[in-house]
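Only one structure is covered here, and it is reproduced in the block below.
The values are calculated or read from the model by the stated rules, or taken from the named source; none is laboratory data. Treat the numbers as computed from the prediction; the structure is a model and nothing was measured. All Cβ positions, glycine included, derive from the backbone under ideal geometry; neighbour counts span all protein chains shown.
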Amino acid sequence: MTDYSHDTYLHTLDEKLHDKQMRANLLSAMSTLRAGRKKLVEHNYHDWEVLRAKAHQVKLNSLGKLDELIVQFEENCTKNGMQVHFAKDANEANEIILKIAKEENTELILKGKSMASEEIGLNHFLKEKGVLAQETDLGEIIIQFIDEPPVHIVVPAIHKNRKQVGEIFHKYIKGAPLESEIPKLNAIARGYLREKFKGFKLGLSGVNFGIAKEGAIWLIENEGNGRMSTTACDVHVAICGIEKIVETFEDAAILNTMLAPSAVGAQITAYNNIIKGPRQASELDGPRKMHLILLDNHRSKMLGTKDFYLALSCIRCGTCLNHCPVYEKVGGHTYMATYPGPIGEVISPQIFGLDKVGYITDLCSLCGRCSEVCPVKIPLADLIRKLRAEQAFEGRNDIAGKADIKRHKGLDMCMRGFAYAASNPIIWRTTLKGINLGKNLAAPFGKMLPVLKDWMCCRSFPTLEGGLEAKLEKIEGVSCE
Amino acid sequence: MSSKEEILSKVAQAVSFHHIEHKSTHFSKPVIVDEQISPLDDFIKRWEANMGKLMKSSKETLEEDLIKLLNQLEPKSFFYSGDISFDGVKNRGTCYDKSVEELRTELFNIDVFMLEACCAVRDLGIIGVKSSPTSGRLASLIPDTCIFLLEKEKLVANMLEAVEYMSKDGLATNTLLIAGPSRTADIELQTVFGVHGPRETWVVLF
């Protein structure tokens, strides 16, 4: 059972802020990813902003007729031999996968990287039912060994350096020597998984793009583990969030053009894997059966909101994380749910509940970098600000868990008091004069005073200027009315 | 109400709330290419930048060149797809013409696999491959070294043209765009090659 308590969040935040190794690892990684993207975008494309506008429009076009596309996708995938399932929530998706595993009489699933499977808590669910969901992506294997969630959408174990990874492999992989050179660590992982790939039955993947017109799925990766998990098996299960569906190959190509450059500063991934269906009678290999699970899990609800539907455009590149000054300091685990960083702040509350993880919207300075770099032009900073308004009961969208948020009476009272004072000129000026007079008295006792002591635990006494109006009036040419 | 009906109903309702205007959007040529060199040379430059290896050959000398390459690589285990027709090559190895169930153990210990590629993609330096009854999906995934035979004329400009070219007679069950050897940068963002896919990839251009 996930602990979403505010105390746990604050404890994790404090722990990560003081984790020097993690912060050093993250700083190095995020700087590298930002620099790689910047260089590529500046020198290798005709007009990156035009490409962003196109990608944004492709997503809008798809979301604008998502109901038709889902029907078309299901029909065409079924014609191509896939068995299509619909899952309204995480539990239903997990039960479908478990049922397939039982039908195939297997207790092992080899997984390609899938954030959707993390979102539904698949590994933990299956483990409780006696089925092992073995990760095959290098970063995911590392964190699976130490039972941690991913710290980043694209590079899930980036908070661990080579020495730490070497120690993890030495501890958890039978016979693995203690190494710290990256090629040797890679060789250990390759050997370990090769044995598993030789004899497995059931493979699982996510979907990067679902092509409605073709009834095909398009997956991207670098390692080859995704291809192994979808090709060297008897049965392939693909989990596809409904927002991943686009109409044509052209739409997918427009989005794919943006993905690798944004994610890792490379023009293209090693493999683009387009799967139309299971093995045909005349073919030599590929899975004999293929299942496709279309996952809702609050996506339809998000689509129905006035503002937050735009977050469904996300292509999971992670570039918003790479550019976020807060994420770089605290890492992914502080965000309490599957999706960290700016995109996580928008969608995690809508999937897991605003009452449970809503406080992660605090992890934003509203600098706006994320909005500027998002390849599909999601206005992330604006959506985070609007979600904060929803938490304060000032918004009008229907958000999961909103009705269960406990009002903070003290905060409500302070905000009402502030609104009253700020609307009354006499009270406002009097208050400012009082601040001006009292600030020098308060400064020495700041660390003991309520509210102020939380500010001053890691900051100096705030600079307060209550006499600004008087100073303005003295400036020649300024007239205050 | 089934989950399908419930989801479709919710999505339809949400879509009707927005009335998003559909605007046609087309894939143009996004990548800046090198106009100073020929398109083929541009592809070669990018393929090699992706850490792919290249051997230049011709229709007349292809068999001889492939044998030279095999001599250089010295595979203990060599497989080729059913599209390969040169006796001098076929004599060196085994044809992948039985199902994966019959050949599984051998397949997972292949040093070199040779197959035909469908096309080269100029602006990204990648190649296109597709599955067929004579060319299995695993051919380009499972060996340590993969050799792709590619006709020079089969050069397309970009990713979309590649997919359209490969699907013009119907989409294969598996269509791939391959950018050289498998790789990962999951540890400290240091790239290493040869993870679960091939460690080395050759294009033999003829």
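Structure values in brief
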{"quantity": "Matching option when the condition is in contact with an Asp or Glu (Cβ under 6 Å, 6 or more places away or on another chain) and at pLDDT below 95, among A:LEU10, A:LEU26", "calculated": "A:LEU26"}
{"quantity": "Only one of A:ILE158, A:ILE142 that is within 11 Å of chain B (Cβ to nearest Cβ), crowded, with 22+ Cβ neighbours inside 10 Å and part of a helix (DSSP H, G or I)", "calculated": "A:ILE142"}
{"quantity": "Unmet requirement for B:TYR165, which otherwise passes all of (1) buried (at least 24 other Cβ atoms within 10 Å of the Cβ); (2) touching a residue at least 40 places away in the same chain (Cβ under 8 Å); (3) not in a strand (DSSP E or B)", "calculated": "(1)"}
{"quantity": "Count of residues meeting criterion [more than 10 Å from chain B (Cβ to nearest Cβ) and out of contact with any strand residue (DSSP E or B) (no Cβ under 9 Å at 6 or more places or on another chain)] in the stretch A:258-297", "calculated": "2"}
{"quantity": "Residue among A:ASP89, A:ASP67 that is surrounded by 21 or more Cβ atoms within 10 Å (Cβ to Cβ), among the acidic types (Asp, Glu) and modelled with pLDDT of 95 or more", "calculated": "A:ASP67"}
{"quantity": "The one condition in (1) more than 20 Å from A:PHE145 (Cβ to Cβ); (2) among the β-branched types (Val, Ile, Thr); (3) free of Cβ contacts under 8 Å to residues at least 60 places away in the same chain that A:VAL235 fails to fulfil", "calculated": "(3)"}
{"quantity": "In the stretch A:431-460, the residues that are farther than 22 Å from A:ASP14 by Cβ and of a type outside the set (Gly, Ala, Ser)", "calculated": "A:THR431, A:LEU432, A:LYS433, A:ILE435, A:ASN436, A:LEU437, A:LYS439, A:ASN440, A:LEU441, A:PRO444, A:PHE445"}
{"quantity": "Out of B:MET51, B:MET55, B:MET1, sole residue that is within 11 Å of chain A (Cβ to nearest Cβ), in contact (Cβ under 8 Å) with a residue 60 or more places away in the chain and over 30 Å from A:THR248 (Cβ atoms)", "calculated": "B:MET51"}
{"quantity": "Complete set of residues in the stretch B:168-184 that are free of Cβ contacts under 8 Å to residues at least 12 places away in the same chain and either at the interface with chain A (Cβ under 7 Å from one of its Cβ atoms) or at positive phi (or both)", "calculated": "B:GLY170, B:LEU171, B:THR184"}
{"quantity": "Contacts under 6 angstrom Cβ, first residue in the stretch B:13-26 being within 7 Å of chain A (Cβ to nearest Cβ) and under 16 Å from A:VAL58 (Cβ atoms), partner of a type in the set (Val, Ile, Thr) and not in a loop (DSSP other than H, G, I, E, B), 6 or more apart", "calculated": "B:THR25/A:VAL58"}
{"quantity": "Test result for A:ASN80, exposed (fewer than 14 other Cβ atoms within 10 Å of the Cβ), more than 23 Å from the chain's Cα centre (by Cα) and among the polar types (S, T, N, Q)", "calculated": "no"}
{"quantity": "Out of A:GLU394, A:GLU345, A:GLU390, sole residue that is in contact (Cβ under 8 Å) with a residue 40 or more places away in the chain and of a type in the set (Asp, Glu)", "calculated": "A:GLU345"}
{"quantity": "Residue list for the stretch A:358-387, filter: of a type in the set (Lys, Arg) and surrounded by 18 or more Cβ atoms within 10 Å (Cβ to Cβ)", "calculated": "A:ARG369, A:LYS377, A:LYS386"}
{"quantity": "Tally of residues being under 27 Å from the mean Cα position of the chain (by Cα), surrounded by fewer than 17 Cβ atoms within 10 Å (Cβ to Cβ) and in a loop (DSSP other than H, G, I, E, B) across the stretch B:1-50", "calculated": "9"}
{"quantity": "Candidate set from the stretch B:126-139 (those that are more than 8 Å from chain A (Cβ to nearest Cβ) and touching a residue at least 60 places away in the same chain (Cβ under 8 Å)); member that is nearest to B:LYS98 (Cα to Cα)", "calculated": "B:ALA139"}
{"quantity": "When residues of the stretch A:101-122 are limited to those that are of a type in the set (A, V, I, L, M, F, W, C) and surrounded by fewer than 20 Cβ atoms within 10 Å (Cβ to Cβ), the one farthest from A:GLY224 (Cα to Cα)", "calculated": "A:LEU108"}
{"quantity": "Those residues of the stretch A:161-177 which are in a loop (DSSP other than H, G, I, E, B) and away from chain B (no Cβ under 11 Å), in sequence order", "calculated": "A:ILE173, A:LYS174, A:GLY175, A:ALA176, A:PRO177"}
{"quantity": "Residue satisfying condition, being assigned to a helix (DSSP H, G or I), farther than 27 Å from A:LYS276 by Cβ and within 12 Å of chain B (Cβ to nearest Cβ), within set A:ALA93, A:ALA53", "calculated": "A:ALA53"}
{"quantity": "Subset of the stretch A:36-50 [β-branched (Val, Ile, Thr) and within 8 Å of chain B (Cβ to nearest Cβ)]", "calculated": "none"}
{"quantity": "Selected residue [in a helix (DSSP H, G or I) and at pLDDT below 95] from B:LEU160, B:LEU103", "calculated": "B:LEU103"}
{"quantity": "Sole exception among (1) in contact with a strand residue (DSSP E or B) (Cβ under 8 Å, 6 or more places away or on another chain); (2) without any contact (Cβ under 8 Å) to a residue 40 or more places away in the chain; (3) not in a helix (DSSP H, G or I) for A:VAL84, by number", "calculated": "(2)"}
{"quantity": "Test: residue in the stretch A:288-308 that is surrounded by fewer than 24 Cβ atoms within 10 Å (Cβ to Cβ), of a type in the set (Asp, Glu) and outside any loop (DSSP other than H, G, I, E, B)", "calculated": "no"}
{"quantity": "Leading residue by the ranking (nearest to A:PHE197 (Cα to Cα)) among those in the stretch A:217-257 that are part of a loop (DSSP other than H, G, I, E, B) and facing another protein chain (nearest Cβ under 8 Å)", "calculated": "A:ALA232"}
{"quantity": "Residue within the stretch B:83-96 that is surrounded by fewer than 20 Cβ atoms within 10 Å (Cβ to Cβ), within 17 Å of the chain's Cα centre (by Cα) and touching a residue at least 12 places away in the same chain (Cβ under 8 Å) present", "calculated": "yes"}
{"quantity": "Residue match in the stretch A:178-185 (condition: touching a helix residue (DSSP H, G or I) at 6+ places or on another chain (Cβ under 6 Å), more than 9 Å from every other protein chain (Cβ to nearest Cβ) and crowded, with 19+ Cβ neighbours inside 10 Å)", "calculated": "yes"}
